1. Mind telling me which of the residues 255, 239, 283 ends up being outside any helix (DSSP H, G or I), at pLDDT 85 or above and either of a type in the set (Asp, Glu) or open to solvent by less than 50 Å² (accessible area, probe 1.4 Å) (or both)?
2. Considering only residues that are in contact with a Pro (Cβ under 8 Å, 6 or more places away or on another chain) and open to solvent by less than 70 Å² (accessible area, probe 1.4 Å), which ones fall in the range 137-166?
3. Of all residues in the range 78-110, count the ones that are at pLDDT below 95, farther than 21 Å from residue 239 by Cα and touching a Lys or Arg at 6+ places or on another chain (Cβ under 9 Å).
4. Within the range 212-228, work out how many residues are more than 19 Å from residue 178 (Cα to Cα) and assigned to a helix (DSSP H, G or I).
5. Please work out if residue 247 is crowded, with 18+ Cβ neighbours inside 10 Å, modelled with pLDDT of 80 or more and either more than 21 Å from residue 120 (Cα to Cα) or not small (Gly, Ala, Ser) (or both).
6. Which ones in the range 138-156 are in a helix (DSSP H, G or I) and either touching a residue at least 24 places away in the same chain (Cβ under 8 Å) or hydroxyl-bearing (Ser, Thr, Tyr) (or both)?
7. Does any residue of the range 147-155 turn out to be modelled with pLDDT under 95 and not basic (Lys, Arg)?
Amino acid sequence: MWCKSDVGDLGLYCVNKMCRVMVLLMVSLTLAACAAKTDTTTVTEKPTPVADKLVVSSSHGTFELEPTVVAYEPETFNDPWESFNRSVFAFNDVMFRHILIPASQGYQAVVPSPVRTGVSNFFSNIREPLNAVNHGLQGNGSGLGASVSRFLINSTIGILGLFDPADHWFDIEEKKATLNQTLASYDTGYGTFLVLPFLGQTDTRNGFSTVVEGIVHPINIISGSPDAFYIQAFGSFHEFTPQAESYETLKQQSEDPYLFFRNLYLQGVLRDQQFSEQSLGSESFPLNPHSTGHAAKASATVDAVNDSKVKH
């Protein structure tokens, strides 16, 4: 039996560990800011050595793709935490294959599609205040107005966000904005590649965004701890379920899955840097719940490997 002092000590231990993680992310983020526009990483494409074609099945149908893996020159690619990242990647792989993927399959089999759509609408609506704040910090007045309007309309007419009349009736589309995008708009570099437990492939800027937005998420206002954590965890799981079936398919495309998912993720990061830093989000495959444009872009990950950002 644990006594009261043991529980208190455990709580202090957890807080200390979380503080260390936050400090690590903040330091890395600061270093990334210094190197914001000086990244000259070069990439070359080479065909995957395994299969000629990749067959991916999703809710949009079955597709045959010719996958390519982006290869990063060792001398220009920065992955100083590879040992740590590989350990976390291996942990995530076990959790995905033995727990999350089977649970996702059961969830989709039991919960009807209209109900899942309503849940997606709810979680999209509840984070509209975060979208509004980030649009404001980015100086995007139209995005700020759209997020505020969507939240007011969907929270009332849409019955707490279960429906999306703002889009269907008033043509006000969701314009997701994250702290990650905001930092990018201020010329903060993505920093260092990082793999987080459950959340998967990310980088220090995106990881910092995920942690901070998890702490200040509006769900924490309407529900106290630990219920708010459970609700956010369920939101993450719900967002992961449509992508669960593609994880094993993608994993089989390389002899070294860690490099495959790392390079595929960084392909998206560098592509977004090249065309528009502000288009960079925190979308994750398979998991980054607090991530950007998750609903729309997660299906794009499944449907088109070459144009996806993949997190595991």
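The values are calculated or read from the model by the stated rules, or taken from the named source; none is laboratory data. Quantities reported herein were computed from a predicted structural model and do not represent experimental measurements. Positions of Cβ are backbone-derived with ideal geometry, glycine not excepted, and every protein chain shown enters the neighbour counts. Each accessible area value is taken on the protein alone, full model and side chains, heavy atoms only, with ligands, DNA and RNA left out. Shrake-Rupley method; radii C 1.70, N 1.55, O 1.52, S 1.80 Å.
1. Criteria check complete, one pass: 255.
2. Passing the criteria: 147, 151, 153, 154, 158.
3. Summing the residues that are at pLDDT below 95, farther than 21 Å from residue 239 by Cα and touching a Lys or Arg at 6+ places or on another chain (Cβ under 9 Å) in the range 78-110 gives 2.
4. Number satisfying all stated conditions: 3.
5. Yes: the conditions hold for residue 247.
6. 142, 143, 146, 147, 149, 150, 151, 154, 155, 156
7. No: the range 147-155 contains no residue that is modelled with pLDDT under 95 and not basic (Lys, Arg).
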